[in-house]
Amino acid sequence: MSYVHTTIQASRTIKERSDLQIPLRVMKSLAIPSGVSITVCFGAAQAQASVSGVDHASCVTMCPSLVRTLHIPISTKFLMRYDSQQQTLYFGPFLGILLTSYQQGHPQEPFGHLSSFLNEMVDTFNQKGGFACVFSIDDVDWENKTVRALIRQKGLWQNSPLPLPHSIYNRLSSRQREQSEKVVDFVGRCKLLEIPFFNERFLNKWHVHKALRNDETVSSYLPETMLFSQNGELSTMLETHRILYAKPANGSMGKGIFRVMKESNHYGVRYVSRQKVAALKQKNLDSLQKFLKKRCKGKSYVLQQGLTLIGIGSNPTDFRVLVQKNRRGIWAATSIVARTGQNSIVSNVARGGSMMSAKQALQTCGPWKSNNKPTISTLRKVALLIAKRLEYSLQGEYAEFGIDLGIDVDGQIWLLEVNSKPSKGITSLQVKENETAPRRPRPSVRRLVDYSAFLNGFDEPIRQTDTSHKKKKR
């Protein structure tokens, strides 16, 4: 279904008492009938409007009452498409970004560390045609199908009444909040209204392992993993593996991880405490079990096979592959970066690790016991395969995963973790020193904008007709 770019303006003087005036060339291009009443949609809002065509116009003009009914921001660039079977005109894409909270008293940076990312999202929508807003659960009025959201105008964020968005990107930062009755009810209502709600929930390491362990296409990438309990899993794992890791099933950023090593007469335990590596000994399996149980504090933990990963010295390196759905709704690899830890336990940048390009890591990290070195292309293919199979096995909608892969000294690729809320901070690899020209939107932002367009039905190639820019004849 084809579409065009347009800008909307409001006017009290509409010719022939129509509610909506559209340039004639656009009317012809999209096969919009003139002089009839059609349905006009923006997000969850819709209204009946009479339409007329206008010669030499450069934008779409709406009467003020239609602007108010649709809560549509004027002077904003949109994509516009017409469904002749439904006799419906759509303006979009319109994405809502759901946050746990924000600070209204800081109009320039109300979203803390996410402010740069969200500024970029909104600006990219404006450049490519579309609209994005930010809101929390408490901003929604279900009775009127509206939301009092934050929108960005002239570099500042301010409140504005809007219809419920056409699609919603979940960036809730709290697992507890995400599992609350209020959010569960919110997601259920979105599904009833057929509002796509993607990256539906945080992932659990054990659930991810269970979803993939019986899948022949990806099971070879999974380290042996067991759920930690009192049923002998610790003993079973240590019989097979000299080194293992105890990880919180719902953890992230490398927090709460214990590295256990079986020695001749004791068990060595290492973990990060206050940014420093702590080490201790447990004399036997029973004392080790009791220690881990106490440190787990009632949280669900998994036991995972220790891997001899390539790295720098004793510090392991992993590869974060960001995979996202594109404008066709198909999984694609957006970026890949290597992360090397400052200790032998985790490689997360949040825990003191450092970044380098994947190419540099494959050249400088080691040791290698063979020439069986995987390529960057292979890492991307493995990550894409895991994303596809995981989405197939999980409930809910997802549009991006941060997939952490490790490579052992024999060249075997391993899945270390999958994150459904990958970090959105700007890394040193994305910003050049002394950069004076405006930075282009990062690829991950452009792909999220493209996927939002897909969800809004704007997945076909853009038509040459553009109502906001006139092309000069040569």
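The values are calculated or read from the model by the stated rules, or taken from the named source; none is laboratory data. These numbers were taken from a predicted model, which means no experiment stands behind them. With ideal geometry, Cβ positions are generated from the backbone for all residues, glycine too; neighbour counts draw on all protein chains shown. Areas reflect the complete protein model, heavy atoms only, side chains present, ligands, DNA and RNA absent. Shrake-Rupley method; radii C 1.70, N 1.55, O 1.52, S 1.80 Å.
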Tell me whether the stretch 208-221 contains one or more residues that are more than 28 Å from PHE454 (Cβ to Cβ), touching a residue at least 60 places away in the same chain (Cβ under 8 Å) and surrounded by 15 or more Cβ atoms within 10 Å (Cβ to Cβ).
yes
Going through the stretch 18-53 one residue at a time, which ones are charged (D, E, K, R) and either part of a loop (DSSP other than H, G, I, E, B) or open to solvent by less than 10 Å² (accessible area, probe 1.4 Å) (or both)?
ASP19
Test: residue in the stretch 283-304 that is of a type in the set (Gly, Ala, Ser), without any contact (Cβ under 8 Å) to a residue 24 or more places away in the chain and open to solvent by less than 50 Å² (accessible area, probe 1.4 Å)
yes
Residue under question is VAL346, and the condition is that it be at pLDDT 95 or above and outside any helix (DSSP H, G or I); does it hold?
no
Restrict the check to the stretch 158-168 and report whether at least one residue is of a type outside the set (Ser, Thr, Tyr), surrounded by fewer than 19 Cβ atoms within 10 Å (Cβ to Cβ) and at pLDDT below 95.
yes
With the requirement that a residue be surrounded by 14 or more Cβ atoms within 10 Å (Cβ to Cβ), in contact (Cβ under 8 Å) with a residue 12 or more places away in the chain and under 26 Å from ASP450 (Cβ atoms), what does the stretch 93-115 give you?
PRO93, PHE94, LEU95, GLY96, ILE97, LEU98, LEU99, THR100, TYR102, PRO110, PHE111, LEU114
Does LEU203 meet the test of being assigned by the TED database to the domain that holds VAL122, closer than 22 Å to LYS299 by Cβ and open to solvent by less than 30 Å² (accessible area, probe 1.4 Å)?
no
Quick count over the stretch 376-410, residues being among the charged types (D, E, K, R), buried (at least 21 other Cβ atoms within 10 Å of the Cβ) and over 20 Å from CYS365 (Cα atoms), is 1
Among the residues of the stretch 298-337, what is the count of those that are assigned to a strand (DSSP E or B) and farther than 25 Å from GLN360 by Cα?
7
Going by the structure shown, is GLY112 closer than 19 Å to LEU164 by Cα and within 32 Å of the chain's Cα centre (by Cα)?
no
Just to verify a result, which residue in the stretch 83-119, among those that are among the polar types (S, T, N, Q), assigned to a loop (DSSP other than H, G, I, E, B) and in the same structural domain as GLY129 (by the TED database), is modelled with the highest pLDDT?
THR100
Output the residues belonging to the stretch 8-54 that are among the β-branched types (Val, Ile, Thr) and modelled with pLDDT of 90 or more.
ILE22, VAL26, ILE32, ILE38, THR39, VAL40, VAL51
